[in-house]
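Asker: Just passing along the structure, written as structure tokens.
Just so you know, all these numbers are worked out from the coordinates, no wet-lab data involved. No experiment lies behind these values; they were computed from the predicted model shown. Note that we place each Cβ from the backbone using ideal geometry, even for glycine, and neighbour counts take in every protein chain shown.
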Amino acid sequence: MRGTCDSCDRVSELFQLPGREDNNCSECDSDLSTMILLYEALNDAQRLGMDAGELESEVIEILLRFLERCSLDHRETQP
Ligand SMILES: [Zn+2]
């Protein structure tokens, strides 16, 4: 299915994450699903009292990349 990505507004082939209503392009979809997995792992690690610093920085890294891509695409008309 082609359409507009709900995250970065780009027209692309769209994917839907299980249990979610939004449609995302392949890049946003993979970032989102990775973030969800990492976030769950992070919660588990914190609950078990494990050191989650590495997971935490990984989540933040992907989140920043995701946000950067989304905002960059919104600013397409500017130099
Ligand atoms: Zn997207």
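Asker: Give the residues of the range 21-45 that are touching a residue at least 12 places away in the same chain (Cβ under 8 Å) and either surrounded by fewer than 16 Cβ atoms within 10 Å (Cβ to Cβ) or farther than 16 Å from residue 64 by Cβ (or both), sorted by residue number.
Answerer: We begin by selecting, within the range 21-45, every residue touching a residue at least 12 places away in the same chain (Cβ under 8 Å); these are 22-29, 31-36, 38-39, 41-42.
Within the range 21-45, 22, 23, 24, 25, 26, 29, 33, 34, 36, 39, 41 meet the criteria.
Asker: For a quick check of your reading of the model, give me the residue pairs whose first member lies in the range 1-15 and is farther than 11 Å from residue 27 by Cβ, whose second is part of a loop (DSSP other than H, G, I, E, B), with beta-carbon atoms closer than 6 Å and at least 6 apart or on different chains.
Answerer: 6/22; 14/1
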